[in-house]
Structure formats: structure tokens, C-alpha cells
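Participant: Sending over a structure as C-alpha cells; questions will come in a sec.
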Amino acid sequence: MKIKSVLGLLLAAVTAFSLTACASPAPAKTEPQGKVYFSYFDTVSYVYSYAGDTAEQFNDRSAAVSSILSDYHRLFDIYNEYTDTVNLCTVNKNAGGEPLKVDERLIEFLKYAKELAELTEGAMDITLGSVLNIWHIHREEASEDPSKASVPDIKELKKAFEHTGFELLEIDEANSTVRITDPKASLDVGALGKGYATEKAAQYLESIGAYGYVLNIGGNVRAIGTKPDGSKWVTAIRNPDMSAEDYAMKINISDLSCVTSGVYERFFTVNGRQYHHIIDRDTLFPADYFASLTVLTKDSGLADALSTALFCMSYEDGKAMAEKIGGVELIWIYPDGEIKYTDGVEDMIVKQ
Ligand code: ADP
Ligand code: MG
């Protein structure tokens, strides 16, 4: 885990926390309570309750959230296997082999991931594993020894791209099995897994009648309800220009997810040029339309998928796709600092 990004997230969370506390002094019984977990999705997770749960209630509820995140973390992990679970690492290793029996939650997730690939016309596609893995290897090598940092070869990327696509993934719902038919293909759920798990945790909290909660799972923010007094929370959209300390925008949210994909999250540098981690399937190189893209919509899984997908398409195409889906607001930040947003964002902006 990168310390810089952890500090950034901490800062974001603390800011959101204190902003909330400053904006409307809460009565004593609604003192916010918070828990931090470091074990899931290679990032930091925060669970906050603002609705006056007793300490015991909050402990139980945050433990349940933690358990949901833990389960999905293990199921979605493509780098480690666990003795008691067949997860995506096992599925990837087994590519070209026999169908593997998997947890039903994995089947449900893979089906949803397929729908999202169709919805985004392939811009966010978890079957791009073979291509994404090449970028991952180059990023790891660069982090071990920056002087040896190198850019992947386009020929190698194009070859890998031949081993992608949902036709290579067999999902047998009746038998709860999956199989990747091509031994060179693999799944990478980095664009969707965290948001999907966040949404599952949020839906659990909703199902037990919890309200006044905010989950911040590695920057994937999901608000459940409003603050106890009915007002909204404030969340900050980072300025992608890392040299600047301030935030680009502050947004009011309730019953909503706020998810940002940005060039600053994970990258390596070759000859002074930065190569980030969101790959445009049309070029097989990092998408270069924007510095960051923020999605505001209720479902955190959809928000996560769209944050990656719409990062890889023009403003016009992204706007049209969001309109077609409905209930999705967007904020685009360009490399030169210019900000554009959809009409619905106007009323959410915290005016200073
Ligand atoms: P983060 O998880 O860092 O907040 P994203 O949600 O945008 O950011 O996910 C980026 C991750 O998704 C990458 O690290 C990679 O694993 C994967 N990814 C990158 N490009 C694509 C793409 N076009 N389709 C599907 N997954 C992608
Ligand atoms: Mg995403």
C-alpha cells in the first residue's frame, strides 16, 4: 500500500469528518463514531456513524461491515489464494482447465460485471486481465527500481488483448461454476470490486434499518441516509494536481456514492512521463482524456464501474452514457484544471 495515498485518504476522511462536525454542531447523542480498517482492498476503510447508535450497536454494525468487506476482499483477490475459499486468483490460475465450483456471491458478481461491460460498451471490462497484468508488472518493476522503469511494448499489449473478452468466461449459474476457456486470459476486478463490496455493506446497513452512516472504502464514499438532523454530508473532490494542497470541489451528499478515478492514484514515471493505471481498451495505454472523473450515483458498484469506464471516453460520450443510464451525475477535471459537470451537480456544490 502506498503511504502517500493512505495519507491522502486519511486527510480526506478527517476533513470530511471535521467538516461535518463544524457544519452543524450535533446534539450530544449524535456524536459521530468511527472505525478504521487497513486490511481490505489494499487500502484504508472507514466506517462512520452519525446517528447516535450506542457504542455496542456501532461495534456490532461496523463488525458486520468489516466481515462483508473481508469476504469480498478474499473472493476478489487475484494475487493471493486462501485455504478455505476458491477465489478469483484460483479462477485465473485454472484458466484453460475444468469448471471450478465457486461461492454464489462470486457468480452474482461476475454476472453483474458482464452486464456492466455491456452497459459501458466494453470501456470497463474485467476480462482485460492479460493486458492489465502487463501494466501491473511494469508498475511494480518501476516501484522496485525507478531507474529501470519501462513502458510496455505495444506489440506485447496487442497480443495480450487477443486473450480478452467475455466469450472466454463461462459462467454456469445452475452449477455455480466458472471457467476461463483461454489459458492466457485472466480477470482483473480492480475497477469494480471495491465499489461492489462497498455497496453490499451499505445495503446490509440499510436492510437492518441503520441510517446516518458513511462508508469510505479507499476513497469510495457511500452515504446511508442523511445526518440525524436531515442535513447532508460534505465530501471533498481532490485536486488532481498533487502539488496543490486544496480540494477542487466540495459536494453535499446523502444516500449517494461519490467515486473518483484519477491519474494520481497509481502511476509510474518513464523519462519524465507519467503512466497511470486506467487503461483505454482502444489504445491499450493509459486513458488521456482527463486528470480525474467523479461519479455521483447511489449504487457504489455502478459508480466504481462508471468512474473507470467514463475515464476512458470523451466528455460527450461519457455524458451521453450517463444520461442513458439515468440517475448519474459527473464531474470531469482536465489536466489544465478546467472543471466540467453535469446539470444535477450544481445543486450539490458546497458554495464557499
Ligand atoms: P481505483 O481502484 O484506484 O480507485 P479504478 O476504480 O479506476 O481506480 O480502477 C482501476 C483499476 O481497474 C486498475 O488498477 C486495473 O486493475 C483496473 N482497470 C484499469 N483499466 C481498466 C479497464 N479499462 N477496464 C477494467 N478494469 C480496468
Ligand atoms: Mg472504478
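The values are calculated or read from the model by the stated rules, or taken from the named source; none is laboratory data. Owing to the predicted nature of the structure, the values given are computational and were not obtained by experimental measurement. Please note: Cβ atoms are built from the backbone with ideal geometry, for glycine as well, and neighbour counts cover all protein chains shown. For accessibility, only protein heavy atoms count, side chains too; no ligands or nucleic acids. Shrake-Rupley method; radii C 1.70, N 1.55, O 1.52, S 1.80 Å.
Participant: With Kirkwood's inverse mean 1/r over C-alpha pairs for Rh, give me the Rg to Rh ratio of segment 261-330, two decimals please. The partial results should precede the final answer.
Facilitator: Working: Rg = 12.7 Å, Rh = 12.6 Å.
Ratio of gyration radius to Kirkwood radius for segment 261-330: 1.00.
Participant: Sort all Cα-Cα distances of segment 205-297 into consecutive 5 angstrom bins from zero, then give the percent of pairs in each bin up to the one containing the longest distance.
Facilitator: Calculated P(r), rounded to whole percents: 3, 12, 19, 19, 15, 12, 9, 6, 4, 1, 0.
Participant: Per residue, what accessible area does the chain have, given a 1.4 Å probe and all protein chains present, in Å²?
Facilitator: On the way: 16210 Å² over 352 residues.
Ligands and nucleic acids excluded, the figure is 46 Å² per residue.
Participant: Also: Once fully extended, how much extra length lies between residue 71 and residue 170, figured as 0.36 nm per residue of separation less the alpha-carbon to alpha-carbon distance? Write out the running numbers ahead of the final one.
Facilitator: Numbers: separation 99, 0.36 × 99 = 35.64 nm, distance 2.28 nm.
Contour length minus Cα-Cα distance gives 33.4 nm.
Participant: If you split all Cα-Cα distances of segment 312-352 into 5 Å bins from zero, what percentages do you get per bin, shortest first?
Facilitator: 5, 21, 29, 24, 14, 6, 1
Participant: Using the Karplus curve 6.51 cos²θ - 1.76 cosθ + 1.60 with θ = phi - 60°, work out ³J(HN,Hα) for each residue of segment 75-86 in order, rounded to whole Hz, and write x for Gly and Pro.
Facilitator: Each residue's phi maps through the Karplus curve to give 5, 8, 5, 9, 10, 9, 9, 10, 4, 9, 9, 8 Hz.
Participant: If one computes P(r) from the Cα atoms of the chain, what percent of pairs lie at distances over 39 Å?
Facilitator: Details: 8051 of 61776 pairs.
I get 13 percent for the Cα pairs in the chain exceeding 39 Å.
Participant: For segment 91-160, evaluate the Debye formula with one uniform point scatterer on each Cα (no solvent term) and list log10 I(q)/I(0) at q = 0.28, 0.29 Å⁻¹, rounded to two decimals.
Facilitator: -1.17, -1.19
Participant: Over all distinct alpha-carbon pairs, what is the Kirkwood Rh of segment 46-113 in angstrom? Walk me through the numbers on the way to the answer.
Facilitator: Numbers: mean 1/r = 0.0713 Å⁻¹.
Radius from the Kirkwood sum: 14.0 Å.
Participant: So, how do all the Cα-to-Cα distances of segment 216-269 break down into 10 Å bins, in percent, from 0 on up?
Facilitator: In order of increasing distance, the bins hold 22, 47, 24, 7, 1 percent.
Participant: Here's a follow-up. Do any of 159/319; 155/194; 227/351; 232/340; 148/340 go past 26 Å between their Cα atoms, and which?
Facilitator: Details: 159/319 32 Å; 155/194 31 Å; 227/351 19 Å; 232/340 23 Å; 148/340 37 Å.
Those over the limit are 159/319; 155/194; 148/340.
Participant: Can I ask one more? Project the alpha carbons of segment 92-133 onto their principal axes and report the range along each, largest first, in whole Å.
Facilitator: On the principal axes, segment 92-133 reaches 29, 24, 13 Å in Cα extent.
Participant: In addition: Taking all protein chains in place and a 1.4 Å probe, what share, in percent, of the accessible surface of the chain do carbon and sulfur account for?
Facilitator: On the way: 8230 of 16210 Å².
Heavy-atom surface of the chain belonging to carbon and sulfur, 1.4 Å probe: 51 percent.
Participant: Just the Kirkwood number for segment 140-241, please: inverse of mean 1/r across all distinct Cα pairs, in Å, one decimal. Provide the component values of the computation, followed by the final result.
Facilitator: Numbers: mean 1/r = 0.0545 Å⁻¹.
About 18.3 Å, per the Kirkwood formula over Cα pairs.
Participant: Using only Cα atoms, what is the ratio of the radius of gyration of segment 34-191 to 2.2 N^0.38 Å? Display every interim value, and only then the final one.
Facilitator: Details: Rg = 18.4 Å, N = 158, 2.2 N^0.38 = 15.1 Å.
Working it through for segment 34-191, the quotient is 1.22.
Participant: Further question: Where Rh denotes the Kirkwood radius from the mean inverse Cα pair distance, what is Rg over Rh for segment 232-352?
Facilitator: On the way: Rg = 14.1 Å, Rh = 14.7 Å.
Dividing the radius of gyration by the Kirkwood radius yields 0.96.
Participant: Turning to a different aspect of this structure: Treat each spin label as a single point 7 Å out from the Cα along the C-beta direction, and report the residue 155 to residue 247 distance in nm.
Facilitator: Here the answer is 4.9 nm between the modelled labels.
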